[in-house]
Amino acid sequence: MINQESNDLYDLNKALKVENLTIDDYEEICKRLKRAPNRTELGMFGVMWSEHCCYRNSKPLLSKFPTKGKNVLVGPGENAGVIDVGNNQKLVFKIESHNHPSAIEPFQGAATGVGGILRDIFTMGARPIAILNSLRFGNIDKPSNVDLLRGVVSGIAHYGNCVGVPTVGGEVNFDDSYSGNPLVNVMALGLLETNEIVCSGAKKVGSPVLYVGNTTGRDGVGGASFASSELTTTSLDDRPAVQVGDPFIEKSLIEACLDAFKTGDVISAQDMGAAGLTCSSAEMAANGNLGISIDLDLVPSREDNMSSYQYLLSESQERMLFVVKGEKVNDLIEKFNKWGLYANVIGQVIETNEVIISHKSKIVAQIPTSALSDDTPVNVHDVIKNPPDYLLEKWEWKESFLPEINEFKICSLNEKKSFSFSQIILKLLSNPSIASKRWIFKQYDSQVQVNTVFKPGESDAAVIRLRKQNEKNKNKVFSGVATSVDCNSRWVFLDPFRGSIAAVAESARNVSCVGAQPLAITNNLNFSSPETDIGYWQLSSSCDGISEACNVLETPVTGGNVSLYNESKNKYSVITPINPTPVIGMVGKIDNVDNAISSGWKNINDEIWLIGSSKSETTIAASSYLEYFHGEITGRPPKIDLLDEKFCQSVLRNAILKSFVVSAHDISDGGLAIALAECCILSSKGATIELHKELNRDDNLLFAEGGSRIIFSINKNKQQEWINYLKKIQTNFQTSIYVKKLGHVSSESLKIKIQEKNICNIMVEELTEKFNNSISSHF
């Protein structure tokens, strides 16, 4: 009989507010339990029915995603996705957010975000091999945003460096909408080391439930509910809801878990992440269609007098829950003790489909597993039929609204004075969202494990050599994976559908630019409240765009994360939502990492070429140039023709494989001029470019975005072979695909001509100084 003593007398309204539940939720809980819940049970429902755990607002939209493909072994529903990358190797990967914790405690919030995503990877039986991150902050002219940036980067660096997993890439963007609500998304990849993928479903009635890892404390209590609500001026009061991590314990946990998994004695495993012991026990039971009983008196704790509520909702870090073979439990405990970790049997698998929790010899919670984690509530929202009026108005913007260009100078609408194109290029390069993130990634260890092919910032996507632990065959040809995280949140703000298509396309383009074949994605959907018409329309439209792009590009979704209620409320109750930010984590494979290429030019006199699509629009609308130079966030983002996008990437990859192409860089923020400048900076070489104007404005030629475009350089010793190859394959081209020569690699400066008139001549040293020192100057 469930204990209702001392635990059932609580202020219902206050408790519902704490648990972020509604009165309708409470009535549904009573209906499912056939009685009123006690306070502990209400807390369990609060975390399990939060958006963070059950996707109650987004679940109908997520069902649109394509999740199956020839390479997909495990899709959504497990701790992480798994794909086949050939050579009998399996890649495990996922992205997660730690936005709200990082807003109030940036160091620990970011650090434990790294720890949590790593556990999702090695819980499946994979050794973590790489970390990437996607970060968003308010503009760094505000000291508070600088402090957040410093704390988040320090937290990521601390945890990743100490645990011994390289941070190989990522993206960072700055916009006022993130001032009160930064975004910290972390992606991790792992290489499977076990013969079988370790899944989470409990099996075999009577099997022991083994708790392993760190002790349980009061840190992180209610973190899942906290992550599912908006940030306010009182959010600092929720600082205890932020977890505290220890990367050295995590390192021991990685080794001990992989060692245990290889024995075959672990039947199933679940990380204790969001919602802690509540979520891990409920999901293990539900996924196995069985029940589970837990005795909290057996849980290793670091604090005295903890209540059952605190045990169950604690999100203390570096903890795992296993179902193991009964006859092997002592052997497993010995393995974990050898690594200095706790390992206690705290319960068993039961036949009835219930989660039964006891504490101090009394049952304190008894809940059907389906009520907690299977049959969770879904909030139904109507999607507005037409885009909001403010967007329709912005979509009316035209390039003709910009000032006339006189003698290769244009007046900034923002600063009310004229600038040359050389000056504009330097201004864009020094904008923190475009500028080098060197100050950030220099704090990360990108070379640990010795499998990182390119350092962060050198290539459009990170490339990781797939080499088993301690494998030292120097003559072996190693395959690899390429990975990138991308999202142009300005485009998504101005058109969630087109912007989300572009995010998938750009992440695939970046992977193709190093010579890898895009295979699959994970996504992190960072949005504001779904309870507003515009918020839900943005989320729904974004999911439609991701689905369409993934279908055409054949990159299924293997899992991910939804983070809603990303908005801040000031002391006057004014709510500021973030720009919608659906971050795409793309992975691809390359058969030989020695064939991978980076972004910078390679040799003087190599030819510089451009590939693109006339069906994919190219426009100044929604561009970095329009925002950062003219101060206008307006216009409709360019439409991308996904079939042409796919074809352009295929042509590039084949040319890389044949060693014609020796460098490649996609054209994104800042357009062609900034892409050319970045290649010059990365190589310390110049470029001589000649552009031919048709109907476009000069600033369109230089700074327009879109067009599925990539610039690449051709090995100077293979230029005739390239021309012959191009003639041969052009018979297969759609008429909308173009490939044209722009110029050649030179020695000291970026020179650009339009119709034989010099419009830009900037020394590479000056480009580099502006690009490399923008962010560091704020510190």
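The values are calculated or read from the model by the stated rules, or taken from the named source; none is laboratory data. Being a predicted model, the structure only gives us computed values, none of them experimental. Heads up, the Cβs are rebuilt from the backbone with ideal geometry, glycines too, and the neighbour counts pull from every protein chain shown. Accessible surface areas use protein heavy atoms only, side chains included; no ligands, DNA or RNA. Shrake-Rupley method; radii C 1.70, N 1.55, O 1.52, S 1.80 Å.
Averaging the sequence gap over all C-alpha pairs within less than 8 Å and six or more residues apart, then dividing by the number of residues, gives the chain a relative contact order of 15 percent.
Within the chain, DSSP assigns beta bridges of which about 80% are antiparallel (rounded to the nearest 5). Between the alpha-carbon centres of region 471-549 and region 120-176 there is a gap of 18 Å.
Only one residue of Thr263, Leu657, Leu118 has its Cα farthest out toward the positive end of the dipole of the chain, where Lys and Arg carry +1 and Asp and Glu -1 on Cβ, and that residue is Leu657. Note on region 441-464 and region 583-627: Cα centroid distance 18 Å, given to the nearest whole angstrom. Between the amide H of Arg319 and those of Asn214, Met272, distances stay under 5 Å, these residues lying 5 or more places away or on another chain, with hydrogens modeled in the peptide plane.
Taking a straight line from the alpha carbon of Lys693, these aspartates and glutamates sit under 17 Å away, with near neighbours fewer than eight places off in the same chain left out: Glu399, Glu404, Glu407, Glu617, Glu705, Glu756.
Surface composition of the chain: carbon plus sulfur atoms contribute 46% of the solvent-accessible area (1.4 Å probe, protein chains only, all chains present). Assuming charge only on the beta carbon of Lys and Arg (+1) and of Asp and Glu (-1), the dipole of region 26-74 about its Cα centre is about 240 debye to the nearest 20.
Could you name the aspartates and glutamates in cross-link range of Lys716, using Cα to Cα under 14 Å and dropping any fewer than eight places away on the same chain? Filter leaves Asp606, Glu607. With a threshold of 22 Å on the Cα-Cα distance, the over-threshold entries among Lys685/Lys741; Lys70/Lys639; Lys328/Lys468; Lys427/Lys685 are Lys70/Lys639; Lys328/Lys468. The magnitude of the dipole of the chain, with charges of +1 and -1 set on the Cβ of Lys/Arg and Asp/Glu and taken from the Cα centre, is near 2120 debye. Projecting the Cα positions of Ser563, Val450, Pro300 onto the charge dipole of the chain (unit charges on Cβ atoms of Lys, Arg, Asp and Glu, taken about the Cα centre) puts Val450 furthest along the positive direction.
A 1.4 Å probe run over the chain, with the rest of the protein chains in place, finds 38 Å² accessible per residue.
Taking 0.36 nm per residue of separation and subtracting the current Cα-Cα distance, fully stretching the chain between Asn330 and Glu193 would add 47.0 nm. Helix 39-48 and the longest principal axis of the C-alpha atoms of the chain enclose an angle of approximately 30°. Of the cross-linked pairs Lys94/Lys204; Lys394/Lys569; Lys142/Lys615; Lys615/Lys727, those separated by over 31 Å at the C-alpha level are Lys142/Lys615. The angle between the Cα long axis of helix 533-553 and the longest principal axis of the Cα atoms of the chain comes to about 70 degrees, rounded to the nearest 10.
Distance from the C-alpha centroid of region 55-71 to that of region 722-765: 41 Å, rounded to the whole angstrom. Relative to the dominant Cα principal axis of the chain, helix 671-683 is inclined by about 80°. Only lysines eight or more places from Lys31 in sequence, or on another chain, were considered; those with a Cα closer than 23 Å are Lys14, Lys17, Lys59. Amide H contacts under 5 Å for Lys94: Ala188, restricted to partners 5 or more places along the chain or on a different chain, H placed in the peptide plane at 1.01 Å from N. Counting Lys and Arg as +1 and Asp and Glu as -1 over every other residue whose Cβ lies under 10 Å from the Cβ of Leu494, the net charge comes to +3.
A simple count of charges around Gln443, restricted to other residues whose Cβ falls under 14 Å of its Cβ and scoring Lys, Arg +1 and Asp, Glu -1, yields +4.
Projecting the Cα positions of Asn79, Met44, Ser63 onto the charge dipole of region 27-96 (unit charges on Cβ atoms of Lys, Arg, Asp and Glu, taken about the Cα centre) puts Ser63 furthest along the positive direction. Over the residues of the chain, the helix contribution to mean residue ellipticity at 222 nm works out to -9500 deg cm²/dmol, using -39500 (n - 2.57) for each DSSP H run of at least 4.
With the simple spin-label model, which puts each label point 7 Å out from Cα in the Cβ direction, the Leu12 to Phe779 separation comes to 5.3 nm. With both residues required to sit in region 641-779, DSSP beta bridges show an antiparallel share near 75%.
Each of Ile723 and Glu407 was given a label point 7 Å from its Cα along the Cα-to-Cβ line. The distance between the two points is 4.0 nm. Assuming charge only on the beta carbon of Lys and Arg (+1) and of Asp and Glu (-1), the dipole of region 571-641 about its Cα centre is about 380 debye to the nearest 20.
Distance between the 7 Å Cα→Cβ label points at Asn570 and Asp304: 4.7 nm.
Values (i) 96.1; (ii) 44.9; (iii) 32.4 are given for comparison; mean projected area of the Cα convex hull in nm², derived from the coordinates here, is the one labelled (iii).
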